[in-house]
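Shown next, in structure tokens, is the structure this report addresses.
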Amino acid sequence: MANSTSDLDDPPAGTTQNFRLIQAARTITTGSSTTTQSDAATDAGGAFVSIDWPANPDTQSPTIRFTIGNAALGIANVTLGPPQPSGAREVTLADGRVVSLTLQTTDRTSAGTADDFLWTAYGAWNVRSAANVPQNSSAIVGGYETADSAIPTTGSAVFNGFVTGSVAVPDGTGIKGAALQGDASLTANFATGTVSGSAPSIIAISPGNPSQPWNSLTFAGTFTTGLNGFTGTTGVSSAPGNAFSLLATATGFLAGRFFGPNAEEVGAVWNLYDGTGIANGVLVGKK
């Protein structure tokens with residue numbers, strides 16, 4: 001939600017807040033073989049989280065409603081249940097599909113000493129069939145967007161933070177996957193309307209397997225000076241060639257916005273596809 005002076009830990013009682021989400025979605029198709037690919041239609045459709053804050057937040061819980069803009073998925077204004085032990089909120093649709101949503105503000109840089117994010121939330125949503133088969137998923141970022149009028153038009157800023165996400169690689173009739181985590185930085189040149197950055201030391205983490213180096217990433221994008229929101233590309237600067245890494249030819253997109261009253265934070269989603277395996281995730285940072 002843009003133009004707010006509240007942070008994510010200070011909700012306005014008795015009101016409804018609507019947060020638009022930036023997405024990096026993907027689909028999974030199962031059958032004689034299993035494939036996974038990016039989902040541009042869902043990315044373009046966007047998504048929204050609506051929070052109905054009770055009059056007394058100290059004694060009542062908020063209602064969380066979720067909408068995915070791609071009408072083909074049939075997920076519009078569904079009310080999510082209370083948080084699960086994992087932190088995810090879920091709802092079972094009439095057709096048996098289960099929709100889950102996770103949003104958090106934890107700073108996951110390797111130093112581990114920074115405060116959580118005040119204006120930016122990140123996470124993922126997932127859709128599983130009634131038979132508990134993964135079908136759709138997306139990395140997401142949202143929060144209190146910086147108003148266009150507060151976006152600097154001179155100078156530059158470095159946002160230090162992290163990337164987190166997941167990679168899925170088809171393996172016969174199934175898919176092997178791993179979680180991704182690593183430090184990152186993004187530089188915004190507000191005078192020229194460009195962003196650039198990197199995540200040089202990402203680790204792939206999979207249950208039952210030792211952590212292993214993953215691809216190093218580069219980011220580049222552009223925005224209109226004085227307006228919030230940038231788009232660009234994600235590239236690979238190293239390819240370790242292990243079980244979960246993608247090929248050096250992998251390419252993808254980058255999309256993000258600045259958050260906070262004066263662009264104190266940045267959040268973006270990214271993806272990569274090498275023709276077989278796909279990865280998607282978020283990049284979050286602060287000045």
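Does GLY252 meet the test of being surrounded by 15 or more Cβ atoms within 10 Å (Cβ to Cβ) and free of Cβ contacts under 8 Å to residues at least 24 places away in the same chain?
no
When residues of segment 231-249 are filtered for being touching a residue at least 60 places away in the same chain (Cβ under 8 Å) and of a type in the set (A, V, I, L, M), how many remain?
Counting residues in segment 231-249 that are touching a residue at least 60 places away in the same chain (Cβ under 8 Å) and of a type in the set (A, V, I, L, M) gives 2.
For segment 198-221, enumerate the residues that are in a strand (DSSP E or B) and in contact with a Gly (Cβ under 8 Å, 6 or more places away or on another chain).
ALA199, ILE203, LEU217, THR218, PHE219, ALA220, GLY221
Name every residue in segment 51-66 that is of a type outside the set (A, V, I, L, M) and either surrounded by 17 or more Cβ atoms within 10 Å (Cβ to Cβ) or free of Cβ contacts under 8 Å to residues at least 24 places away in the same chain (or both), in order of residue number.
TRP53, ASP58, THR59, GLN60, SER61, THR63, ARG65, PHE66
Restricting to segment 222-237, name every residue that is part of a strand (DSSP E or B) and surrounded by fewer than 16 Cβ atoms within 10 Å (Cβ to Cβ).
Hits for segment 222-237 are THR222, THR231, THR233, SER237.
Do the conditions hold for ALA47, that is, is it in contact with a strand residue (DSSP E or B) (Cβ under 7 Å, 6 or more places away or on another chain) and without any contact (Cβ under 8 Å) to a residue 40 or more places away in the chain?
no
For ALA76, only one of the following conditions fails: (1) under 30 Å from ALA13 (Cα atoms); (2) of a type in the set (A, V, I, L, M); (3) in contact (Cβ under 8 Å) with a residue 12 or more places away in the chain. What is its number?
(3) is the only condition that ALA76 fails.
Condition check ((1) at negative phi; (2) in a strand (DSSP E or B); (3) modelled with pLDDT under 95) across all residues:
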{"site": "GLN17", "(1), (2), (3)": "yes, yes, yes"}
{"site": "GLN37", "(1), (2), (3)": "yes, yes, yes"}
{"site": "ASN56", "(1), (2), (3)": "yes, no, yes"}
{"site": "SER61", "(1), (2), (3)": "yes, no, yes"}
{"site": "ALA72", "(1), (2), (3)": "yes, no, no"}
{"site": "THR106", "(1), (2), (3)": "yes, no, yes"}
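Among the residues of segment 129-185, which ones are surrounded by 23 or more Cβ atoms within 10 Å (Cβ to Cβ), of a type in the set (Val, Ile, Thr) and part of a loop (DSSP other than H, G, I, E, B)?
THR146
Kindly check whether there is at least one residue in segment 171-179 that is at pLDDT 95 or above, out of contact with any Phe, Trp or Tyr (no Cβ under 6 Å at 6 or more places or on another chain) and either closer than 23 Å to THR102 by Cα or among the aliphatic types (A, V, I, L, M) (or both).
Yes, segment 171-179 contains at least one residue that is at pLDDT 95 or above, out of contact with any Phe, Trp or Tyr (no Cβ under 6 Å at 6 or more places or on another chain) and either closer than 23 Å to THR102 by Cα or among the aliphatic types (A, V, I, L, M) (or both).
Inspect all residues belonging to segment 225-242 and state whether any of them is of a type outside the set (Val, Ile, Thr), under 21 Å from THR106 (Cβ atoms) and touching an Asp or Glu at 6+ places or on another chain (Cβ under 9 Å).
Scanning segment 225-242 turns up no residue that is of a type outside the set (Val, Ile, Thr), under 21 Å from THR106 (Cβ atoms) and touching an Asp or Glu at 6+ places or on another chain (Cβ under 9 Å).
Which residue, of SER32, SER100, is hydroxyl-bearing (Ser, Thr, Tyr), at pLDDT 95 or above and either closer than 18 Å to VAL141 by Cβ or assigned to a loop (DSSP other than H, G, I, E, B) (or both)?
Every option except SER100 fails the conditions.
The values are calculated or read from the model by the stated rules, or taken from the named source; none is laboratory data. Please read these numbers as outputs of a predicted model, since none were measured by experiment. Ideal geometry is used to build each Cβ from the backbone, glycine not excepted, and the neighbour counts take in all protein chains shown.
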